[in-house]
1. Determine if segment 443-453 includes at least one residue that is assigned by the TED database to the domain that holds K415, surrounded by fewer than 19 Cβ atoms within 10 Å (Cβ to Cβ) and not in a strand (DSSP E or B).
2. With a cut-off of at least 3 residues that are touching a residue at least 40 places away in the same chain (Cβ under 8 Å), assigned by the TED database to the domain that holds V424 and closer than 28 Å to Q269 by Cα, name the helices (runs of 4 or more DSSP H) lying wholly within segment 41-148.
3. Please pick out the residue among F408, F357 that is under 25 Å from I300 (Cα atoms), modelled with pLDDT of 95 or more and in contact with a strand residue (DSSP E or B) (Cβ under 9 Å, 6 or more places away or on another chain).
4. Could you list, in sequence order, the residues of segment 367-405 that are in a strand (DSSP E or B) and either over 27 Å from E130 (Cβ atoms) or out of contact with any strand residue (DSSP E or B) (no Cβ under 7 Å at 6 or more places or on another chain) (or both)?
5. Can you find a residue that is under 28 Å from N205 (Cα atoms), polar (S, T, N, Q), outside the structural domain of I449 (by the TED database) and touching a residue at least 60 places away in the same chain (Cβ under 8 Å) anywhere in segment 275-286?
6. Scan segment 184-224 residue by residue and report those that are within 22 Å of the chain's Cα centre (by Cα) and either of a type in the set (F, W, Y) or outside any helix (DSSP H, G or I) (or both).
7. Can you say whether G466 is farther than 30 Å from P154 by Cα, of a type in the set (G, A, S) and modelled with pLDDT under 90, as far as the supplied structure shows?
8. Return the total of residues in segment 241-276 being among the hydrophobic types (A, V, I, L, M, F, W, C) and either at pLDDT below 95 or exposed (fewer than 14 other Cβ atoms within 10 Å of the Cβ) (or both).
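The values are calculated or read from the model by the stated rules, or taken from the named source; none is laboratory data. Here the structure is a predicted model, which is why all the values come from computation and not from measurement. Cβ coordinates were reconstructed from backbone atoms using ideal geometry, including for glycine residues, and neighbour counts include every protein chain displayed.
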Amino acid sequence: MFSLKALPSPAVLLALGIILATYVFLHGLLHFTQDSKEPPAVLKGVPFVTSVLGMMRWSMDFYPQMRKRFPALPIYTLRIPGARIYAINSLDLIAVVQRHWRILLFPPIQIKAAKVGMGASDEALRILEEDMITENGFVHGMIKATHPTMSDGPALRSLNTTTFQVFNDALNRLKAPRTVSVKLYEWIDDLIMRATTDAIYGRENPMRLAHNVEAWRNYHPALMFMMLDILPQNLFFKRAVEGRENLVKSFSKYYADGSYEEGSDYIKQFVQHCIRQRIPLDDIPRLLMGTVFNNVANTIPSAFWVVFRIFSNPEVLEDCRNEVGQAVEYQGNIAELNLDYVVNSCPILLSTFQEVFRFHGMANSVRVVSEDMLLDDKYLLKKGGLVMMSARAQHTNSAIWGDDFDQFHHKRFLKKGPEKNAKVPQAAYRGFGGGTTLCPGRHFATASILMLAALMMMRFDVRTTGARWTAPSVVNSSQAEAVEQPDEDIEVEIRSRPEVDNREWRIIFSKGMTT
């Protein structure tokens, strides 16, 4: 017999009604706000919600999964609460986006980082926003001012020289007769942090202080979540904010004392540009603090993976060590490493380096649509939307890289010889970004990483303390970086190679400069 008790309670019926009404409302909202000329909207199961759930589920692999699911779409729209994301699959469209840099802007992303990541004042933000297109503005003017100091010539060599001195001092402490056990990522993290920041900031480098490194490690992991600008920072990111403010205090002293005048040409030009643009005095240390992220955040994990990939595979180690051996000249008790040769004339080592960025890279290049436009005369992009170009989506495309795209192949980027790879479209490899946002510090980062790898190969043998080398998982990687970070560290043993032990190591450049 039918019983009224079998019916859902009024509360359940009300909840179901609200869910149904919300579902219908969201579908209607999507229908009436999505222009037919826009790239097709996807993940519409529950509009504005399914996309977010997909991002949470797949994390850094979200865009590769989307490319696999919608391979026929050159570009598609993701609707999330408060934003449109125009995600690009097509290499041809990436090139088109990069040509429209005056409309599809990167500076708004940098300005948001200054606001929510660095805590810049409203006055500083107003200056940053004044002109986001020409070199008269802060952002493009900063590129013009600082780019020459990291591209080539004496300024870059000065950076490389200081980096070598820090590396050499650290490696000298590992010399025979003892075998030294270290946690590889932690050791490289400390070494790159010290070497890079010493080179950038000079003798009064604030990052030499242990409490500042600790503050950085409290602040830096939260940056990605802070950039979402959803949750109150003082409630949800208290440790990160405290770490940031402690760093700002140290950089305030660094600036007020004029210590930047003894730093690199890069940091001197950086500060002078801030002064020319009339950035408030209290904000310059905040922007200076941001340069720590620019210069070390991706170099550290990249250096780890290069060293790991070389020493964990005997074939890779032999190939790279044989190449680098040609860059070393022995004169009695002195060994001279020619850095220019390492960077420019070791194709297998360079290919290994590039493969690290392809295999472990996860950068997303983002642009803000500053006005309604037709991309490639086909796709309507609405003002305020975000254009997303995922490096990982391109780096995992079998149509570009072949069926072994999911394998680490250290000779993949060779341009000559029997194992040379077919020419890869330029936009497909996005190790350092592309277009007007191509990383200005790439030459310094490349030289630092290859220098460390070369010195370690020539001076040491590195063995895992475990049964065998095993690549650590990376599922918890912070997406604030462009490169995966290991979830757990690797314990290794470092021992001097007898044939090169007790030598004095120096670095030279092709034109004869020695240090």
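1. yes
2. none
3. Details: F408 fails: in contact with a strand residue (DSSP E or B) (Cβ under 9 Å, 6 or more places away or on another chain).
So the residue among F408, F357 that is under 25 Å from I300 (Cα atoms), modelled with pLDDT of 95 or more and in contact with a strand residue (DSSP E or B) (Cβ under 9 Å, 6 or more places away or on another chain) is F357.
4. Those that are in a strand (DSSP E or B) and either over 27 Å from E130 (Cβ atoms) or out of contact with any strand residue (DSSP E or B) (no Cβ under 7 Å at 6 or more places or on another chain) (or both): L374, Y379, L380, S390.
5. The answer is yes, given that some residue of segment 275-286 is under 28 Å from N205 (Cα atoms), polar (S, T, N, Q), outside the structural domain of I449 (by the TED database) and touching a residue at least 60 places away in the same chain (Cβ under 8 Å).
6. Y185, W187, Y201, W216, Y219
7. For G466, the condition - farther than 30 Å from P154 by Cα, of a type in the set (G, A, S) and modelled with pLDDT under 90 - is met.
8. Final tally of qualifying residues: 2.
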